[in-house]
Amino acid sequence: MTLLATSAADGAFVIAASCAACGECANVCPEPAAIVSGDVYRIDPDACIRCGACVEVCMTSSIYAARPLAGNT
Ligand code: SF4
Ligand code: SF4
């Protein structure tokens, strides 16, 4: 998947409070970026390479890009 590739200056993905802490995002993440934080998971913006793999497996649709992926600027 390359459609979400952006420059390192763009925002990483973030996880909303609706996270159910299932851990699937961490399971598919190729980097140590999705980590548990209390009752939810969060994404380390320095480790996230914005591959988008976690977005596709999140059952609660809690993961989204911190900035628009294209256009709208
Ligand atoms: S896959 Fe979604 S619901 Fe599961 S831990 Fe990650 S952000 Fe939370
Ligand atoms: S976008 Fe990719 S690197 Fe970033 S947290 Fe999700 S799976 Fe990990």
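Under 6 Å between Cβ atoms, which residue pairs at least 6 apart in sequence (or on different chains) link something in region 42-68 that is of a type in the set (S, T, N, Q) with a partner that is not in a helix (DSSP H, G or I)?
Within 6 Å, the pairs are 60/18; 60/20; 62/15; 62/16; 62/18; 62/19.
Give all pairs with beta carbons closer than 8 Å in which a residue from region 15-29 that is touching a residue at least 40 places away in the same chain (Cβ under 8 Å) and within 16 Å of residue 50 (Cα to Cα) meets a residue that is near ligand 2 (Cβ under 10 Å from one of its atoms) and not hydrophobic (A, V, I, L, M, F, W, C); count only pairs at least 6 apart in sequence or on separate chains.
Note: pairs meeting the criteria are 15/41; 15/42.
Read-outs throughout are calculated quantities, based only on the coordinates presented, and are distinct from any laboratory measurement. Bear in mind the structure is a predicted one, so any value in this text is a computation, not a measurement. Note that each Cβ is placed from the backbone with ideal geometry, even for glycine, and that neighbours are counted across all protein chains shown.
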